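S.K.: I have a structure here, written as structure tokens, and I will follow up with some questions on it.
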Amino acid sequence: MSSWTRRQLKDYVAKALAIAATLFGLFWLAWILWTTVSNGLPALKWELFTQMTPPPGQDGGLLNAFAGSIIMSGLAVLIATPIGIAAGTYLAEYARHTKLGATIRFVNDILLSAPSIVIGLFVYELMVRQMGHFSALAGAVALSFIVLPVVVRTTDEMLQLVPSTMREAALALGIPQWKVIRQVLYRAALSGIITGVLLAIARISGETAPLLFTALNNQYWTNDLTQPMANVPVVIFQYALSPYEFWHSLAWAGAFVVTILVLVLGLISRGLLLSRKSHD
């Protein structure tokens, strides 16, 4: 067997293994999506979005859980996004080739890959034990720790992708550095930064572990951030473990809504990235 034939054979084997691995992953993904759709779609009713979480034996919906998830996720984004953009800007523009910048990136990557239950336990010790009770504010802070490293990473990378000639041209005109960042770099990297925020929202939309230790749950409607607040992931977790069939259907419906939300956010993020590439 010649060397060319051996190389061609190795190429075929590598392609076959890559295709098999891809099909293996797609099989489980398709199975998960089919199970979620087949169980969640029949349970999707108008009452799901208009009625409160019910006690056993009664009809109801997930209105307060949806509202609680929106409130806590929105507050987490409001907390983490400005800090993340500021930190990413510092890393990209002021500490790109320094040891401090490399250290911060390393710590940020650790936080990015940290298990969410560890973050939940940390915020539990930081806030819940000090306050003496669970609260929506603690849940929002726990979710913000998940949003933060994603925004820092995407902001840092998107700003580094901006051509250095744009910086040099603006600085050559005598524009201050802070104005170059605000008026030139942020505009060029805006779609990438927004994509990072959307991906962070998609990640926290289904997080259960940190909310179990912080916000817990609430069967009733509440806007008080210092009290426990209903949220979709914890409701899905509790209802899925219950012996009541109607609660099971509500859990599947909630899982279906969360899945659709994540898919929509993923498509929007991909669209923003494609539009940025087309403009480039």
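S.K.: Per-residue counts of other Cβ atoms within 10 Å, averaged by peptide: what ranking do you get for 155-168, 226-239, highest first?
M.R.: Sorting 155-168, 226-239 by mean packing, highest first, produces 226-239, 155-168.
S.K.: Quick one: compute the contact order of the chain, relative version, from alpha carbon pairs under 8 angstrom and 6+ residues apart, as a percent.
M.R.: Relative contact order for the chain comes out at 26 percent.
S.K.: Oh, and also: Just to confirm my numbers, what's the Cα centroid distance between the range 58-109 and the range 129-178 in Å?
M.R.: Spelled out, the Cα-based centre of one part sits 7 Å from the other.
S.K.: Still on this structure: Quick one: putting +1 on the C-beta of Lys and Arg, -1 on the C-beta of Asp and Glu, what dipole do you get for the range 46-279 around its Cα centre, in Debye to the nearest 20?
M.R.: Value, rounded to 20: 1020 debye.
S.K.: Quick one: what are the phi-derived ³J(HN,Hα) couplings along the range 246-262, Karplus 6.51/-1.76/1.60 with θ = phi - 60°, whole Hz, x for glycine and proline?
M.R.: Calculated HN-Hα couplings, in order: 5, 5, 4, 5, 5, 5, 5, 5, x, 5, 5, 5, 4, 4, 4, 4, 5 Hz.
S.K.: Okay, next question. Given the rule -39500 (n - 2.57) for each run of at least 4 DSSP H residues, summed and divided by the residues of the chain, what is its mean residue ellipticity at 222 nm, to the nearest 500 deg cm²/dmol?
M.R.: Result for the chain, helices only: -24000 deg cm²/dmol.
S.K.: What are the ³J(HN,Hα) values, in whole Hz, obtained from phi via the Karplus relation 6.51 cos²θ - 1.76 cosθ + 1.60 with θ = phi - 60°, for each residue of the range 174-189 in sequence order, with x given for Gly and Pro?
M.R.: Result, rounded to whole Hz: x, 6, x, 4, 5, 6, 4, 5, 6, 9, 10, 5, 4, 5, 6, 9.
S.K.: Which residue, Leu62, Leu212, Leu173, has the most motion in a Gaussian network model of the chain that connects Cα atoms within less than 10 Å?
M.R.: So, out of Leu62, Leu212, Leu173, the one fluctuating most is Leu173.
S.K.: Moving to a separate point now. Out of residues 5 or more away from Ser135 or on other chains, whose amide H comes under 5 Å of its own, with H placed 1.01 Å from N in the peptide plane?
M.R.: When sequence neighbours closer than 5 places are left aside, the close amide H contacts are Ala215.
S.K.: Follow-up. Using θ = phi - 60° and the Karplus relation 6.51 cos²θ - 1.76 cosθ + 1.60, list the HN-Hα couplings for the range 221-228 in order, rounded to whole Hz, with x at every Gly or Pro.
M.R.: Running phi through 6.51 cos²θ - 1.76 cosθ + 1.60 with θ = phi - 60° gives 7, 8, 10, 7, 6, 8, 10, x Hz.
S.K.: For Rg and Dmax of the Cα atoms in Å, the choices are (1) 23.1, 75; (2) 18.0, 56; (3) 18.8, 58; which was calculated from the structure?
M.R.: Among (1) 23.1, 75; (2) 18.0, 56; (3) 18.8, 58, the one calculated here is (1).
S.K.: Right, next: Just to confirm my numbers, what's the Cα centroid distance between the range 12-48 and the range 191-221 in Å?
M.R.: First find each Cα centre; the distance between them is then 23 Å.
No lab work stands behind these numbers, since they all come straight from the coordinates. Predicted model, so just to flag it, every value in this text is computed and none were measured. For neighbour counting, all protein chains shown are included, and Cβ atoms are generated from backbone atoms with ideal geometry for every residue, glycine included.
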